[in-house]
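The values are calculated or read from the model by the stated rules, or taken from the named source; none is laboratory data. Computed from a predicted structure; not experimentally measured. Don't worry about glycine lacking a Cβ; one is built from the backbone with ideal geometry, like all the others, and counts go over all protein chains shown.
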Amino acid sequence: MAGLVVVIEMAISQYILRPPGYSAWKINRRDSCDIALRVTYLSLQMLDLGLTLLAAHLGFPELNPIIKATLNSTYHLAILKFGIPLLIILFVPGKLLIPAIVLIAAVVGWNIKELLLL
């Protein structure tokens, strides 16, 4: 019985004496990376939306037929360019968003290049 008490006291002292947040450090790093990827994806989507609206305002033609159909309706455009990406970041893990982030970053870069050259 005395041995069991010593083991329990050692376990409690190790739990109390370890640095705060020690066990949660790895989880928080993974979660913060996941959150950063999701925020990056959504931010790039919003930047693409802003560039699309700017280009449409300046008179450039929209080449994407789906976006072209929604440019007249603010609600449809908001659902398409904000609602769907929001659902994606809620249900898709951050690591799986990396290819989409690369693709949307290329699209945003292309849009910026086209707006600056034309």
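Yes/no matrix, rows are residues, columns are (1) loosely packed, with under 10 Cβ neighbours inside 10 Å; (2) on the phi > 0 side of the Ramachandran plot; (3) at pLDDT 90 or above; (4) touching a Lys or Arg at 6+ places or on another chain (Cβ under 6 Å):
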site: A2; (1), (2), (3), (4): yes, no, no, no
site: Y15; (1), (2), (3), (4): no, no, no, no
site: P20; (1), (2), (3), (4): yes, no, no, no
site: S23; (1), (2), (3), (4): no, no, no, no
site: I27; (1), (2), (3), (4): no, no, no, no
site: L44; (1), (2), (3), (4): no, no, yes, no
site: K68; (1), (2), (3), (4): no, no, no, no
site: L71; (1), (2), (3), (4): no, no, no, no
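From the list L87, L80, which residue is touching a helix residue (DSSP H, G or I) at 6+ places or on another chain (Cβ under 8 Å) and of a type in the set (A, V, I, L, M, F, W, C)?
On the way: L87 fails: touching a helix residue (DSSP H, G or I) at 6+ places or on another chain (Cβ under 8 Å).
Only one candidate passes the filter, namely L80.
For the stretch 74-98, a residue qualifies if it is under 20 Å from N64 (Cβ atoms), surrounded by 16 or more Cβ atoms within 10 Å (Cβ to Cβ) and not hydrophobic (A, V, I, L, M, F, W, C), and the qualifying residues are K81, P85.
Within the stretch 53-64, one or more residues are modelled with pLDDT of 55 or more, of a type in the set (A, V, I, L, M, F, W, C) and loosely packed, with under 10 Cβ neighbours inside 10 Å.
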